[in-house]
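The values are calculated or read from the model by the stated rules, or taken from the named source; none is laboratory data. Since we're looking at a predicted model, the values are computed, not measured. Positions of Cβ are generated from backbone atoms using ideal geometry, with glycine treated the same way; all protein chains shown enter the neighbour counts.
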Amino acid sequence: MRRPKTVLGCCQWPRCAAAKRDERGDAIVVWCLLLAVMLLPLGGLSTDLWHGIAVQRQLEAAAEDAAAAGASGIDTAVYRSTGCILLDPARAVALAQQNLFAQAGLGPLSSTSVTVSPDGTAVTVSLSEDVHLTLLGWVEGNRGMVVAATATSQARGSLGQKEGC
């Protein structure tokens, strides 16, 4: 039987060359699988972070709208008697909460806070929501991400009127 020629320890028979190509193909498959496993958390991170950013923008818009609605709850008795533009705390809170409940597309909020400043010139709305993680939920477990937004609006009158007192 004739021995195959070797070049640097590598046989030149067609079967040996095919075996080398097959091993190289197996290594590429393993490498691609490992790469996919490593990129899955990166895809989950980007998907979940963009979802969190979208929810935060939605909460910010809702809080700003509710604060503006609450800032329209001016105490008319004080305004008529003194000309000062101050908020009626109960009315301002009620208007802000009505605005929040009327907004469509808001997810279930984990906390809502509507407060009127002690001097009665501003209303502050704070909202927070728990965002469910999709792909990162496999890595992090069933923990969510808390997203919060706060907005403040001042009570204002027409041009030339004094604010507060």
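Could you tell me which residue of region 34-56 is farthest from Leu127 (Cα to Cα), considering only residues that are in contact (Cβ under 8 Å) with a residue 60 or more places away in the chain and among the small types (Gly, Ala, Ser)?
Checking each candidate, the answer is Gly43.
Being of a type in the set (S, T, N, Q), touching a Cys at 6+ places or on another chain (Cβ under 7 Å) and surrounded by fewer than 19 Cβ atoms within 10 Å (Cβ to Cβ), is that true of even one residue in region 83-104?
Of region 83-104, the ones of a type in the set (S, T, N, Q) are 97-99, 103.
Those still in the list that are touching a Cys at 6+ places or on another chain (Cβ under 7 Å) too: none.
Checked region 83-104: no residue is of a type in the set (S, T, N, Q), touching a Cys at 6+ places or on another chain (Cβ under 7 Å) and surrounded by fewer than 19 Cβ atoms within 10 Å (Cβ to Cβ).
Scan region 146-156 and tell me whether some residue there is basic (Lys, Arg), closer than 30 Å to Leu45 by Cα and at pLDDT below 85. Talk me through it step by step, then tell me what you get.
Within region 146-156, the first condition is being basic (Lys, Arg), and the residues that meet it are 156.
Within this subset, residues satisfying the condition of being closer than 30 Å to Leu45 by Cα are none.
Scanning region 146-156 turns up no residue that is basic (Lys, Arg), closer than 30 Å to Leu45 by Cα and at pLDDT below 85.
This table checks each residue for (1) among the aromatic types (Phe, Trp, Tyr); (2) at pLDDT below 95.
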site	(1), (2)
Gly43	no, yes
Trp50	yes, yes
Glu60	no, no
Ala63	no, no
Ala66	no, no
Gly70	no, no
Ile74	no, yes
Ala77	no, yes
Ser81	no, yes
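Restricted to region 110-134, and to residues there that are under 15 Å from the mean Cα position of the chain (by Cα) and not in a strand (DSSP E or B), the residue that is farthest from Leu45 (Cα to Cα) is Ser110.
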